[in-house]
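Notes for the one structure printed next.
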Amino acid sequence: MKRYTIEQFMATTSILGAAFSADEKRILFSSNASGIFNAYTLPVEGGTPEPLTRSTVDSTFSVSFFPGDGRVLFTRDHGGDENYHLFLLDYDGTKKDLTPGEKLKAQFMGWRPDGSAFFVSSNERDPRFFDLYCYDAQTYARTLLYKNEQGFDLGPISRDERWIALNRANTTSDSDIYLFDVGKQEVKHLTPHEGAISFRAETFDPVSQRLLFLTNEGSEFKRLCTYDLATGGIQDHEIADWDVIYTYFSRDGRFRVTGINQDGSIVIRIVEIDGNEEKPVRLPKLPEGEIRGVVFSGTSTRMAFYVNSDRSPDNLFVYDLGIGQSRRPEQIRQLTQSLSRDIDPLDLVEAQVIRFRSFDGMVIPSIYYKPHEASTTNKVPAIVYVHGGPGGQTMRGYNAQIQYLVNHGYAVLGINNRGSSGYGKTFFTAANRKHGREPLWDCVEAKTYLASLGYIDHERIGIMGASYGGYMTLAALAFRPEAFKVGVDIFGVSNWLRTLESIPLYWESVRKAIYDEIGDPVKDIDALVATSPLFHAREIRKPLMVIQGANDPRVIKAESDGIVEAVKRQNVPVEYIVFDDEGHSFTKKKNQIEANRRILEFLDKYLKDDKAEDGSAGQRG
C-alpha cells in the first residue's frame, strides 16, 4: 500500500451542484479545480470543464442557468462570513449583484415554471427574518411576495403562486407547518399537535393541489405525507424503514425524487408520474457508490446526478432517459474524474457500519475506517471522530480528511453519539440538555470499543472533530482528561454562554430551539458554565490542536482564542492555526492542505510517537 501526501489528496477535485442549460447541452456546476470554488460548465457529451467565474479570493458557487437562455445565477460570500449574495452572469460576461447591501444574506428560492421570474429570500429589511421576493427574469425588478414578520422559515412556493409553505422550529425535535395564502394575505396553522413531533413542508405537487411534507407523528422515523389544499385531508404517501429526508419534482412534473437516510447512507428513489399513479424508475447499473444530487433537464429527457463512494469522491454523470426504453449502458456518461490521478482507490479503505453498546446499554451506530496495515502484530493508533451539529450525523461517502489519516496509519471511528440524526426520534432527543455528559460518555465508550479490537493500540487513542465535534473534543479533554491522549478541535465551542449570545441575527427563527437543546444563557447559566470547557481548562492535560476561521459567524474566533490561552497557562502543548480568509468550514485548497498537514504532524508527534510524554514538550503556539 502506498502512502500519499496531503497535496496528492487535495489534487482531488471537489464538485457540487448541477443545472442544465436551456438547450440541455451543457451542465452548470461548482468545482474547486483552481484551488477555490468557481462556477463551470461542461458539455453533456463530455469534454473539458469551462470556468464561468475565476475568483481567486472568495469561493463562488453556481446556482442555475436561466430556463430560456444562457444567463447564469451564482452566489458567493466574503471570506467565509456566510453573508451570501445572489449574482447575475450576463451574456457578455458582466457580473451584477442582484442583492446589493451590507450585512445581508440572500438565497435563491426557485424559478417560476415558465422561467419568467425567480424567487429570492433576503434579510435586508430585518436582519432576524427572511422575506420572499419575486424577481422579473428580464428586468430584475422585484416585488415583495411575503413579508416575514413572525419569524418563520421559508418553505416551498406552489407553482400557481397562491401558496407559500412556512416552517417553524419550536425545538430541535418539535416543529410545525403554516400555510400563507398570497391572495388573502393570511397564515393558517396546518399542524396543531401535542408533544414533540416533527413536521416540515417539502414541496407542492405540480398542479398546486397538495402540499407534500415530512413528519414522524406516531413513528420513530419521518415519512412523506400529503395535505390536500382544498379539503385539508392528510394522507401517508411514502414510507421507509428509515427517515425520508427530502422529496422534489422535476421541473416539468414528470418525475419525483426521494432521498432516504438508510443507516448512514443516502438511498435515492425515483418515480415517474402517470396521472394519479407513480411508477418506480429503474436505474441502470452504475459504478459502486451512492447516487446523489439528481437533477432533470427542462424536458426531463436527461438526468444529471453524482455518484459518491467511500473510496471515490463525487463524479458527475448524465443519463439520457429519452432514448427509448431499453436503458442501454451507453445512455450513461461519466463526465468527471474527481479523484487525484496519483491515488489508487485500492489504497483507500472501505468504511464499515459498526455498532457498540454504551455505558447504559444504548446502541451507538458508527462509521469505521480500518487501515490496511492494521493487525495484531502491527497495532495502530486510533481517533474518535465526532461530527458537527449537535444533531449532525457521520455518514458513509468520500471524506478526504479521514482517508488521509487512515492512509497514514490511523484507525478512525466516526461516532454517531446519542443526539445524532438518522436513527429515530428517541435517539435524536436522548442528548437534549445533556451535552458535555451522556453524548461525551458515548465517545469515551467508543474508545473502549476501539481498545477491545486486537489491532488497536489502546494507549494511543485521540479525539477530534469540527464545530460541535470540536466542542466534544474540548469537553473530552476537560471533563474526562484520562480518556484520550490528544485532541484536535476545529472551530469548536469552548464557552456556551458566549456562543449562544453571539449566534447570527438571522438564526432568530431557531434561537428558541437552540436554547431548548443546549440551554438558555440567562436562565441556565450555571449548567452552561458547568458544561463549557473554557471554565474547566485547568483540567486539560493532554496535547491540544485548535484550528479556526477568522470570519466564522457561528463559532466566533474568541471561542478558540480563549481556550488556547487558558490551556497554555497550564503548560500543556497547544498548537493554534487561524485562517484569515475562512469561516465555519474551509473551502480553499491551500488552507485545507495546511490544516490537514498540520493535523497529521501533530498526531504523529503526540499520538503515534510513544516517546512523547504528555505535557513534556512544553507549550507551542
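The values are calculated or read from the model by the stated rules, or taken from the named source; none is laboratory data. Remember, it's a predicted structure, so these values are computed and weren't measured experimentally. All Cβ positions, glycine included, derive from the backbone under ideal geometry; neighbour counts span all protein chains shown. Just so you know, the surface numbers come from the protein's heavy atoms only, side chains and all, with ligands and any DNA or RNA stripped out. Shrake-Rupley method; radii C 1.70, N 1.55, O 1.52, S 1.80 Å.
Observations
- Hits in the stretch 10-65 (condition: among the β-branched types (Val, Ile, Thr), surrounded by 18 or more Cβ atoms within 10 Å (Cβ to Cβ) and assigned to a loop (DSSP other than H, G, I, E, B)): THR12, THR13, ILE36, VAL44, THR53
- The number of residues in the stretch 180-206 being over 26 Å from GLY391 (Cα atoms), buried (at least 20 other Cβ atoms within 10 Å of the Cβ) and within 27 Å of the chain's Cα centre (by Cα) comes to 1.
- Any hit, the stretch 572-585, residues being closer than 26 Å to ASN148 by Cα, part of a loop (DSSP other than H, G, I, E, B) and within 22 Å of the chain's Cα centre (by Cα): no
- Among (1) under 28 Å from GLY424 (Cβ atoms); (2) part of a strand (DSSP E or B); (3) open to solvent by 30 Å² or more (accessible area, probe 1.4 Å) - the single one TYR398 does not satisfy: (2)
- All positions within the stretch 79-123 that are basic (Lys, Arg), modelled with pLDDT of 95 or more and under 20 Å from ASP581 (Cα atoms): LYS105
- Meets criteria (surrounded by fewer than 18 Cβ atoms within 10 Å (Cβ to Cβ) and touching a strand residue (DSSP E or B) at 6+ places or on another chain (Cβ under 7 Å)) for ILE234: yes
- The condition of being at positive phi and not small (Gly, Ala, Ser) holds for only one of ASP263, ASP243, ASP252, ASP236, that being ASP263.
- Checked across the stretch 291-298, the condition of being in a strand (DSSP E or B), touching a strand residue (DSSP E or B) at 6+ places or on another chain (Cβ under 9 Å) and hydroxyl-bearing (Ser, Thr, Tyr) holds for no residue.
Here is a yes/no grid of residues against (1) polar (S, T, N, Q); (2) within 19 Å of LEU544 (Cβ to Cβ):
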site	(1), (2)
HIS435	no, no
THR448	yes, no
LEU453	no, no
GLY462	no, yes
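- Of all residues in the stretch 64-84, those that are farther than 30 Å from PRO127 by Cβ and free of Cβ contacts under 8 Å to residues at least 60 places away in the same chain have Cβ atoms under 9 Å from Cβ atoms of residues that are of a type in the set (S, T, N, Q) and buried (at least 19 other Cβ atoms within 10 Å of the Cβ), 6 or more apart or on another chain, in PHE65/SER21; PHE65/THR41; ASP69/SER21; GLY70/SER21.
- Residues in the stretch 570-621 that are modelled with pLDDT of 95 or more and β-branched (Val, Ile, Thr): VAL572, VAL574, ILE577, VAL578, ILE593, ILE599.
- Yes/no for ARG460 being in contact with a Pro (Cβ under 8 Å, 6 or more places away or on another chain) and open to solvent by 10 Å² or more (accessible area, probe 1.4 Å): yes
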